[in-house]
Amino acid sequence: MRLLIVEDDAPLASGLRRILEAEGHAVDVTSRGEDAVSAASSERFDLVILDIGLPQMDGFEVLRRFRAASSGRGAPMQVLVLTARDAVDDRVRGLDLGADDYMVKPFAMPELTARVRALLRRSQAHGGPRIVHGPLALDTVARRAFLRNEPLELAAREWAVLEVLLAKVEKIVSKEAIIQAVAGWGDDLSPNAIEVYVSRLRAKLEPAGIRIRTVRGFGYMLEEFKG
Amino acid sequence: MARSLRAHLLRLLLPPIAALLAVGAVVAYYPSIEPATEAYDQALFDIGIALGAHVRVGDLEGKQGYAFELPSAVEQVLRTDRYDTIYYRILSPAGFHIAGETELPVHEGASGPYDAVFKGQRVHVVSVRSPCGPATCLVLVAETSVKRSRLMREILLSSLLPQMLLAAATLVIVWFGVKRGLGPLESLSEEIKERSPRDLRPIDAAAAPEETRPLLVALNGLLEQVAEASRNQQRFLANAAHQLRTPLAGLQAHTELALSQPASDAVRAQLEQVRQATIRTARLANQLLALARAEPGARRDPARVNLKSVVEAEADAWVHQALARDVDLGFELEGAPVEGDAFLLREALANLVHNAIEYSSRGGRVTVRTGARNGHAFAEVEDDGPGIPPAERARVLERFYRVPGTSGTGSGLGLAIVREIASGHGAGIELGEGAGARGCRVAITFPRG
């Protein structure tokens, strides 16, 4: 994957670069927002790690220009915003401007790499007809699921719940969010019904090592597949 | 020293009012005294004419001779005055005494009535020219001033009394009028009194009375300075946060990078120490910034915040922290709307959750709750860890205090921050035991919304 790091703090930028290169990505680094905008307009990056506190053109402005220039063709460029500021408004503003994820400095590298993986996965899943999660593959066009290359029978609502969880691997998803995503089906869904679908999904997926964790009183999280 | 504006105003008003009173009395007195005394003079004049009519002129050895006999009717008039004594004197055209009181003084050239002293009394004298043959005799009629003085007193009194009443009324009106007039000032002071210390908006001078404007302008100037200082502090904190966190992020990145590379066990152990120290430093920096943010000067305008939403927004990060320590983090969330600063509330809850996870053993359970009890919104975090002994509960809220013998790498700032933020929101903190008298439960209860 092709990554761009926009960070004016040289030690941090070089550290991030080496960590992400170790993950097997091709990484470019720039310290100026203007350069990032021009680089993104001429080349294609799968993901940009963007610091908000840049000199001159700040990260919000860079993000705004990224989104204004996005052509809409192909998978959208994912943007992970980094900030050292802690104002809640910053996060809201970043997400409003189209950031895909948000991290406050300092952060643990495993968390960063996990988020980067999740974003890249999302970028691949987006627009593509095929979602892959370890041994699980979903053909969203034909609406067919495969586990270890074997066809997997999923009821319509099981499919819907699984799609919601797959869109946010390693992120907790509230029951309300699942109900909302599945509510297009017309009738009322109780949280208990969601529990039933999740337990059915577990029964089908856990033998293959795919785990759905329960977050007590909140919802679920599809764990990253660890093989 | 407190000076009463009313007393001051009265002190200022009293001398001019007294002066006006005096002038008013004089102005009212003279116009009314004149017609009254003229009537008395006219009576004396009439007596003079009557007396003059009774002077008889005779020829005596080629010289004029004069005789006068007091007619009983006139004598009657002279005697019937109850208050005053009336004297008279008649002089011949040559100025010789004809009749009456010889001592009654004559003022030559006096055109009208005049005052004189006679028999040690003040008298009012009227002179009448009365025809005596070809010439004229001079008839003086004098009257003591008892009636006149009385009249003057009465007139003076009758004109002064309303004036004094008017003055008294004026003072009373001033006394209460000032209170009423200062009403807007009082409501202004009420408005200022009821303001939140965080509300540094200028006071609306348009609605205030004209006279208080200079005061308001000065006050607004001061408010603006305080607000500016507060904005400076917030800017400083934002910059300090950035300047501290970015190098720490770099340090953490390189330490973890070094740890991912082949190295001897000794080097790895040292790198791990560096990594732990970095994490602690980062956390400490965050806490100090949060503490500074919670200071009254740095606070921002309160907004409507639902604690449930605050927790939901952080739940993902907290769950990952908990999973890293094999702790089961759960939620029991009901709506809990409060007035406050979302950032600080998040910081307070993050500290409680962090503590609970930090002090839980592997496999422990931590529960975050939000909701309302008896109309009070609350948020609480409960764990099943070692808990806080009752004797230590008051002290753990102090800055940098740590319960003796506790493990972990805390700075002792977490609960102090929670306390600071809670008190800034008018909320109370309650430390207790978790379910089944195990572990620790910290609840923040907010004032009724």
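Each reported figure results from applying straightforward, stated rules to the coordinates on display, with no laboratory input. All values reported here derive from a predicted model rather than from experimental measurement. Counting neighbours? That spans all protein chains shown, and the Cβs are built from the backbone with ideal geometry, glycine included.
Taking amide H atoms as placed 1.01 Å from N in the peptide plane, the amide H of A:Gln78 lies under 5 Å from those of A:Leu47, A:Val48, each 5 or more residues away in sequence or on another chain. Here the translational diffusion coefficient of region B:281-334 follows from Stokes-Einstein with Rh set to the Kirkwood radius across Cα pairs; for 25 °C and 0.890 mPa s it amounts to 180 µm²/s. When only Cα pairs below 8 angstrom with a gap of at least 6 residues are kept, region B:216-309 shows a relative contact order of 40 percent. Spin-label model, B:Ala67 to A:Arg211: label points 7 Å out along the Cα-to-beta-carbon direction sit 16.1 nm apart.
Placing unit charges on the Cβ atoms only, positive for Lys and Arg and negative for Asp and Glu, gives region B:180-338 a dipole magnitude near 500 debye about its Cα centre. Coupling constants for region A:12-29 follow from the phi torsions by the Karplus curve (6.51 cos²θ - 1.76 cosθ + 1.60, θ = phi - 60°), and in residue order they are 5, 4, 5, x, 4, 4, 5, 5, 6, 5, 5, 7, x, 9, 8, 10, 10, 10 Hz; glycine and proline get x. Of the residues B:Tyr359, B:Ala322, B:Gly371, the one whose Cα sits farthest towards the positive end of the charge dipole of region B:314-391 is B:Tyr359 (charges of +1 on Lys and Arg Cβ, -1 on Asp and Glu Cβ, taken about the Cα centre).
Find, among the trypsin sites (Lys or Arg not before Pro) in region B:340-396, those assigned to loop by DSSP (not H, G, I, E, B) with at most 13 other beta-carbon atoms within 10 angstrom.
On the way: sites: B:Arg346, B:Arg362, B:Arg365, B:Arg369, B:Arg373, B:Arg393, B:Arg395; in loops: B:Arg362, B:Arg393.
Sparse-neighbourhood loop trypsin sites (Lys or Arg not before Pro): B:Arg362.
Applying D = kT/(6 pi eta Rh) to region B:173-247, where Rh is the Kirkwood radius over alpha-carbon pairs, T corresponds to 37 °C and eta to 0.692 mPa s, the Stokes-Einstein value obtained is 219 µm²/s. If the rule is a partner Cβ under 4.7 Å, which cysteines in chain B fail it? So, B:Cys440. Sorting B:428-439, B:265-276, A:96-107 by their mean Cβ neighbour count within 10 Å, with the most densely packed peptide first, gives A:96-107, B:428-439, B:265-276. The sum of -39500 (n - 2.57) across all DSSP H runs of n ≥ 4, divided by the residue count of chain B, sets its helix-only mean residue ellipticity at 222 nm to -18000 deg cm²/dmol.
For a test of the definition: using alpha carbon positions, the gyration tensor, and the 1.5 limit on a/c, classify region A:1-78 as rounded, prolate or oblate. Verdict is oblate for region A:1-78. Rg/Rh, computed from the Cα trace of chain B with Rh as the Kirkwood radius, has the value 1.61. Counting only other chain Cβ atoms within 10 Å of each residue's Cβ, the peptide A:161-171 averages 1.
Strictly greater than 35 Å: what percent of every Cα pair in the protein assembly as shown meets that? Mind dumping the intermediate values first?
Working: 146114 of 228150 pairs.
Counting every Cα pair in the protein assembly as shown, those more than 35 Å apart make up 64 percent.
For region B:17-163, the relative contact order is 29 percent, taking Cα pairs closer than 8 Å that sit 6 or more residues apart in sequence and dividing their mean separation by the residue count.
Over region B:227-335, what lengths in whole Å, largest first, do the semi-axes of the equivalent ellipsoid take, defined as the square roots of 5 times the eigenvalues of the alpha-carbon gyration tensor?
Numbers: eigenvalues 214, 110, 17 Å².
Equivalent ellipsoid semi-axes, largest first: 33, 23, 9 Å.
Spatially, region B:289-339 and region B:115-157 are offset by 106 Å when compared through their Cα centroids.
Report the equivalent ellipsoid semi-axes for chain A in whole Å, largest first, defined as the square roots of five times the eigenvalues of the gyration tensor built from alpha carbon atoms.
For chain A, the semi-axes come out at 34, 19, 17 Å.
Of all alpha-carbon pairs in region B:1-156, indicate the percentage at a distance above 20 angstrom.
Details: 7226 of 12090 pairs.
Value for region B:1-156: 60 percent of Cα pairs lie more than 20 Å apart.
Under a 5 Å amide H cut-off, with hydrogens placed 1.01 Å from N, A:Val29 pairs with A:Ile5 among residues at least 5 apart or on other chains. Pull out a ≥ b ≥ c, the square roots of the eigenvalues of the alpha-carbon gyration tensor of region B:290-414, then state rounded if a/c is under 1.5, prolate if not and a/b is larger than b/c, and oblate in the remaining case. Because a/c hits 1.5 or more and a/b fails to exceed b/c, region B:290-414 counts as oblate.
Taking amide hydrogens as placed 1.01 Å from N in the peptide plane, the amide H of A:Asp9 sits under 5 Å from that of no residue at least 5 positions away in sequence or on another chain. Evaluated on region B:318-360, the Kirkwood hydrodynamic radius is 11.6 Å, with distances taken between all distinct Cα atoms. The Cα-based radius of gyration of region A:108-198, divided by its Kirkwood radius, gives an Rg/Rh of 0.99.
Taking θ as phi - 60° and the Karplus parameters 6.51, -1.76 and 1.60, the scalar couplings of region A:98-103 work out to x, 5, 8, 7, 8, 9 Hz in sequence order, x denoting glycine and proline.
Listed values for region A:78-85 are Karplus-derived 3J(HN,Hα) couplings in whole Hz (6.51 cos²θ - 1.76 cosθ + 1.60, θ = phi - 60°), namely 7, 10, 9, 8, 10, 9, 9, 7, and x replaces Gly and Pro.
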